[in-house]
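Written below as structure tokens is the structure these notes are about.
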Amino acid sequence: MSEVTICNLALAHLGDTATVASISPPDGSVQAQLCARFYFAARDAALEMAAWGFATRRIAMSLLQEAICDSSPRVYPDGTPATWRYMYALPNGALNTLAVLPKDAINDYEERFEHHGLYPQGYVPVPGAPHYTPHPYATESRQDGSQVVLTDVCDAVLRYTARVSDTTRFSPLFTLALSHLLASMLAGPLIKGEAGVAASAAQIKFFEIYKAQAATSDANQGKTHVEPSVSWIGGR
């Protein structure tokens, strides 16, 4: 479905018989102007609410600063106190950060221990044992307003939810959920008064139902099972 089709579906949920022809720019109707005002906010909010597979991306992040470690308290080269060792730029269009991973991670959930020269097999403390990821991190804003990811992972890879504008990538259930969320936003301006409040509340309930169904369906599109590589764990 296109943006316009989703808007018309939202209007239909409210019993509005108008047909919007364009929202970018609005076609001149009140309905189109309201859809242009609320559609993008509804879309981004719905995208942020779950780790949708169609909106999940991963990228090797760009390093901004590495903390200076000496006898003095850890700081970044620009003098900013550093709680974390590395500061990376948050990718453009990132709505939600999901995980920070090492570049050599086996998958999203495990990586091999580093070799310390103590064991001939190369892994410690148990040969072949996994070290579980993702790693701790934090997202913050700098004084200039730019958003950054802070972590102790070198050459970090970020898995995140991206802003997706191409509606053909949306799953059918996500599209239906989005239409109800948009309808909840349109209800007040179009219906007004207590009836509008009631209509908005009803659409939110439908949104929650379809969002849950969409999230379940999306989660079923993949399966990851971390196999214990240590016999006494696998035998539990």
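Remarks
- Those strands (runs of 3 or more DSSP E) lying entirely in segment 135-204 with at least 1 residues under 19 Å from VAL20 (Cβ atoms): none
- Unmet criterion (only one of (1) at pLDDT 95 or above; (2) in contact with a strand residue (DSSP E or B) (Cβ under 7 Å, 6 or more places away or on another chain); (3) farther than 19 Å from ALA177 by Cβ) for ARG57: (1)
- Exactly one residue among TYR76, TYR39, TYR86 is in contact (Cβ under 8 Å) with a residue 24 or more places away in the chain, within 17 Å of ASP152 (Cβ to Cβ) and hydroxyl-bearing (Ser, Thr, Tyr), and that residue is TYR86.
- For segment 14-43, filtering for residues that are under 16 Å from LEU178 (Cβ atoms) and either among the aromatic types (Phe, Trp, Tyr) or surrounded by 14 or more Cβ atoms within 10 Å (Cβ to Cβ) (or both) leaves 12.
- The residue that is farthest from CYS7 (Cα to Cα), among those in segment 172-184 that are surrounded by 21 or more Cβ atoms within 10 Å (Cβ to Cβ) and out of contact with any Leu (no Cβ under 7 Å at 6 or more places or on another chain), is PHE174.
- Single residue of segment 181-236 satisfying the filter (closer than 22 Å to ALA55 by Cα and among the hydroxyl-bearing types (Ser, Thr, Tyr)) that is modelled with the lowest pLDDT: THR224
The values are calculated or read from the model by the stated rules, or taken from the named source; none is laboratory data. Remember, predicted model here, so these are calculated numbers, not experimental data. Don't worry about glycine lacking a Cβ; one is built from the backbone with ideal geometry, like all the others, and counts go over all protein chains shown.
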